[in-house]
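Asker: Let me begin by handing over the structure; questions about it come next.
The values are calculated or read from the model by the stated rules, or taken from the named source; none is laboratory data. Model, not experiment: these values are computed from the prediction. Note: ideal-geometry Cβ built from the backbone for every residue, glycine included; neighbour counts use all protein chains shown.
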Amino acid sequence: MEPALLFQKFGLALGLGLLVGLQRERSASVLAGFRTFPLVTMFGTLAGVLSAGFTWAFAAAGLLAMAALIVGGNVIRLRTDNADPGMTTETALLMMYALGVFIAAGPASVAIVLGAVVASLLYLKPQLHGLAKKIGEKDFQGIMQFVAIALVILPMLPDVDAGPYGILNARRIWWVVVLITGISLGGYLLYKMCPPGSGALAAGLLGGMISSTATTVSFARRTRHDPGANAGAALAILLASTVVFARILVLIAIVAPGQFTALAPPITGMLGLMLLISAAMWWRARGERSDLPEQANPTELKTALVFTVLFTAVLLATAAARDHFGSRGLYAVAMLSGMTDMDAISISTAQMAGNGQLASGIVWRLLLMAAMSNIVFKSITIAALGSRGLLKSIAPGFGISLLAGAALLAFWPWQLPEALPPRAGL
């Protein structure tokens, strides 16, 4: 191995070890701290380099040596009455040794992510313990249902194309359910970690990850009884709607990465505009505290089944509209689907772009029209459930967004020919 590459690997081991060691030093760990962790990580890298050049016995011997050092350190602590019943530092030491070995042979990007995850888990101890206390029995049942959805049901489903247009593949459809449920679950857990008075900023950003429509309904109803909360509610709803565009970009990157550069620019433009509008709204509502409304656990099996039915319906409607009515039929489906759920139309059209069944110029327009339809639906919801003051507060932001979307649809150049490509097997 070249000396320059070796220096890079040991430098990475040193940096990750210092990061984790700093956290352990700040937590007053008596077993290992700022100096020990970088030494252990570099020791692991050295063992990995020697193992790659000679035999993997070096890595195994190093692991045994680490175990012996940990046992010896704990024996000394017990004899000095400095006992700590936790095993966090010991586990972190073994993890960093293994990470050091991995650095010797694995990609640096993966090692960096793993090191950051270790440091974050150690640092977020109070937040994670607080989250565990906040999760009730019903929430825990929902999380276990997600485990069943992802690890039990998904592997059992057949990977066979069936049904009209050959698009009803049970495993691929359920994989989409797992993806959407997982994203929503991540937002829900972050939401649970926030203190009740975190304000509209956190409520909007995290509420958009869970469900922007549910966030809109919750804050609209609140303003009926508390008109003084209009500014904070408008900010939360606008932020939740902004997250919709970020969510679309994430889904495109996952299901159609090859088409991301073609689909992302106009969607990113709308995201940037919505962020600017949200910033202006935040300046107006700054200093106003807002309690976080309750959010339903998105991992409920009933929620997953409802989304499955909706996504399947959108898949069939999109394929039928494309086959019988061309792009005009697709636009109608996009607008109707956007009113109820953006994820279904986002994934279905992005998949068609990735498979070459739809031109990218048509797909991003479908997604933008669906998002605009979603904004109109939220406006109707606010008018029906919220106060007049909330509607007046949110109307300028939503109005500018709709005008900008219409301008993009009218003036953004087509990146691919408008005509649909010849129909391919789905």
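Asker: If we scan region 193-213, do we find a residue that is over 25 Å from PHE398 (Cα atoms) and either buried (at least 24 other Cβ atoms within 10 Å of the Cβ) or touching a Lys or Arg at 6+ places or on another chain (Cβ under 8 Å) (or both)?
Answerer: Checking region 193-213: at least one residue is over 25 Å from PHE398 (Cα atoms) and either buried (at least 24 other Cβ atoms within 10 Å of the Cβ) or touching a Lys or Arg at 6+ places or on another chain (Cβ under 8 Å) (or both).
Asker: I'm trying to understand the selection: among the residues of region 246-258, which are in a helix (DSSP H, G or I) and surrounded by fewer than 24 Cβ atoms within 10 Å (Cβ to Cβ)?
Answerer: Restricting attention to region 246-258, the residues satisfying the condition of being in a helix (DSSP H, G or I) are 246-255, 257-258.
Within region 246-258, ALA246, ARG247, LEU249, VAL250, LEU251, ALA253, ILE254, VAL255, PRO257, GLY258 qualify.
Asker: Taking helices (runs of 4 or more DSSP H) that fall entirely within region 144-244, which contain at least 2 residues that are of a type in the set (Ser, Thr, Tyr)? Give the derivation first.
Answerer: Numbers: elements: 170-193, 200-210, 212-225.
The qualifying helices (runs of 4 or more DSSP H) are 170-193, 212-225.
Asker: Might you check whether a residue that is modelled with pLDDT of 85 or more and crowded, with 21+ Cβ neighbours inside 10 Å occurs anywhere in region 303-314?
Answerer: So far as region 303-314 goes, yes, one or more of its residues are modelled with pLDDT of 85 or more and crowded, with 21+ Cβ neighbours inside 10 Å.
Asker: Has region 328-336 got at least one residue that is part of a helix (DSSP H, G or I), at pLDDT 90 or above and basic (Lys, Arg)?
Answerer: No, that holds for no residue.
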